[in-house]
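The values are calculated or read from the model by the stated rules, or taken from the named source; none is laboratory data. Remember, it's a predicted structure, so these values are computed and weren't measured experimentally. Glycine also receives a Cβ, built like all others from the backbone with ideal geometry; neighbour counts cover every protein chain displayed. Accessible surface is based on the protein model in full, side chains and every heavy atom, while ligands, DNA and RNA are left aside. Shrake-Rupley method; radii C 1.70, N 1.55, O 1.52, S 1.80 Å.
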Amino acid sequence: MAIKVTIDRIADHVGQEVLLQGWVANRTDKGRLQFLTFRDGTGTVQVVVFHKNVSETAFDAARRLTLESSCEVTGLVRADERAPSGYEVDARDLHVLQFAEDYPITPKEHGIDFLMDHRHLWIRSSRQHAILKVRATVIRAIRNWLDDQGFTLVDTPILTPAACEGTTTLFETDYFGEPAYLTQSGQLYNEATIMAFGRTYCFGPTFRAEKSKTRRHLIEFWMVEPEMAYAGLEECMRVEEEFVSHIVQTTLRERAAELQLLERDLTYLQQVTPPFPRISYDEAVEILNRDGVEICWGDDFGAPHETALGQRFGKPVFVHHYPAQCKAFYMEEDAQRPELSLSVDLLAPEGYGEIIGGGQRTASLELLERRIAEHHLPCAAFNWYLDLRRYGSVPHAGFGLGIERTVAWICNRPHIRETIPFPRTIYRLTP
């Protein structure tokens, strides 16, 4: 009796009869021989359907197979170095579940709008499949590292009563007659949970109503946000570089085949090990202006500035001590230079810009009250947040890492929309 197996385990069954269930990625007609490229989500393998080895019904079905037809194949596994994967299946029976007619994505060139309209089908292609496998590995590496380092996963709300990152990018909705907003970040709630658990993280979707058309922005994206009690800026940077290094090295080890399929040059990724270079905001502004990428002191960096800085180093680079005026209201100020915040961004090389933003949060009730007023935020909505400074306040720090930007960098993709199964952009809400 045939053993039901997945293609990624087929090497364990050489000489045995197996049952594969999947889809036809390609078919080559050689008359009495039909060569199928067969995929099942775990990998691809060549299936050889020889006329003399199967019934007339099965062979006729094999000759009529179309791209993305679903079927079950029973056959003998053989090791064959000539086969693309090193193995092939000599079919003994073939049962078609559905003949797919006129599959819209063909080997010819398609425009990006067409492919995004058919994203539900495009994810079946080898490159998109590889990117999303890398994404899954990145997410697993994130969770494993944080869990192993003593962080507790604590889920935070999707619906919130106020802004976290800025009032201009909020998605508003009606909450039984009162305004509520899709979350921009779980950070503020994490600052509450660390007072109970010490080290926590949340991981989930976040939303920014930014009318941005750049290759780095999505309206809905996923972010992991670790937060730490009794930690400052230095500890924050140390954790970040160990965290990112673990993610990258895990992906290199576990997704070598996918990165090879994507034709990824691994040189930069292999260098992603601690320590990372560190420069201050002041130094960064000096470097940029000297290199002809003009910026005024006090301005936040845009994509050209981040790209220029990232290209100067062979690995991610920290930029720290940004002016308080261009960072969020909750950032701690520098005791020696109050106009600076104890903030830090991590910029990826190769033009991918910021993948992490974070820093030390203010522990002072007085400073936080003043900052809320300066940012014209509704004090009543933050009263619970102010409580964290009233009852056992401690130095604390944390950061947020964007999954899609990180995957785009690791895979060296030209646009962030390929790094999430169903991207939401300013012009796209479907499929």
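Among the numbered conditions (1) surrounded by 14 or more Cβ atoms within 10 Å (Cβ to Cβ); (2) over 23 Å from Gly232 (Cα atoms); (3) touching a residue at least 24 places away in the same chain (Cβ under 8 Å), the only one that Asp265 does not meet is (1).
Kindly provide the set of residues from segment 117-164 that are hydroxyl-bearing (Ser, Thr, Tyr), surrounded by 16 or more Cβ atoms within 10 Å (Cβ to Cβ) and either in contact with a Lys or Arg (Cβ under 6 Å, 6 or more places away or on another chain) or at pLDDT 95 or above (or both), ordered by number.
Thr137, Thr156
Residues being surrounded by fewer than 14 Cβ atoms within 10 Å (Cβ to Cβ) and not polar (S, T, N, Q): count how many of those fall in segment 105-116. Total satisfying the criteria: 7. Of all residues in segment 288-304, those that are assigned to a helix (DSSP H, G or I) and in contact with a helix residue (DSSP H, G or I) (Cβ under 7 Å, 6 or more places away or on another chain) total 1.
Would a scan of segment 339-354 turn up a residue that is farther than 22 Å from Leu269 by Cβ, more than 26 Å from the chain's Cα centre (by Cα) and polar (S, T, N, Q)? There is at least one residue in segment 339-354 that is farther than 22 Å from Leu269 by Cβ, more than 26 Å from the chain's Cα centre (by Cα) and polar (S, T, N, Q). Residues being open to solvent by 10 Å² or more (accessible area, probe 1.4 Å), in contact with an Asp or Glu (Cβ under 9 Å, 6 or more places away or on another chain) and touching a residue at least 60 places away in the same chain (Cβ under 8 Å) are entirely absent from segment 177-184.
Candidates in segment 268-285 are the residues that are open to solvent by 40 Å² or more (accessible area, probe 1.4 Å) and either in contact with a helix residue (DSSP H, G or I) (Cβ under 8 Å, 6 or more places away or on another chain) or basic (Lys, Arg) (or both); of these, the one that is nearest to Gly302 (Cα to Cα) is Arg278. Based on this model, can you work out whether His246 counts as assigned to a helix (DSSP H, G or I), without any contact (Cβ under 8 Å) to a residue 40 or more places away in the chain and closer than 29 Å to Gln360 by Cα? Spelling it out, it is not the case that His246 is assigned to a helix (DSSP H, G or I), without any contact (Cβ under 8 Å) to a residue 40 or more places away in the chain and closer than 29 Å to Gln360 by Cα.
The set of residues from segment 101-125 being within 17 Å of His415 (Cα to Cα) and not in a loop (DSSP other than H, G, I, E, B) comprises Ile112, Asp113, Phe114, Leu115, Met116, Asp117, Arg119, Trp122. When Glu258, Glu234, Glu240 are checked against the criterion of being closer than 16 Å to Gly359 by Cα, touching a residue at least 60 places away in the same chain (Cβ under 8 Å), of a type outside the set (Phe, Trp, Tyr) and assigned to a helix (DSSP H, G or I), a single residue qualifies: Glu240. The residue pairs whose first member lies in segment 21-38 and is within 18 Å of Ser125 (Cα to Cα), whose second member is modelled with pLDDT under 95, and whose beta carbons are closer than 8 Å, counting only pairs six or more residues apart or on different chains, are Thr37/Pro84.
Looking at Asp93, is it open to solvent by 30 Å² or more (accessible area, probe 1.4 Å) and among the acidic types (Asp, Glu)?
Answer is yes for this residue.
Looking at Asp93, Asp60, Asp80 in this structure, which one is modelled with pLDDT under 95 and either at negative phi or out of contact with any His (no Cβ under 7 Å at 6 or more places or on another chain) (or both)?
Just one listed residue meets the conditions, Asp80.
Here Ala209, Ala162 are screened, and the one residue that is within 20 Å of the chain's Cα centre (by Cα) and among the aliphatic types (A, V, I, L, M) is Ala209. If only residues of segment 190-234 that are of a type in the set (Ser, Thr, Tyr) and under 30 Å from Tyr391 (Cα atoms) are counted, the one that is surrounded by the fewest Cβ atoms within 10 Å (Cβ to Cβ) is Tyr230.
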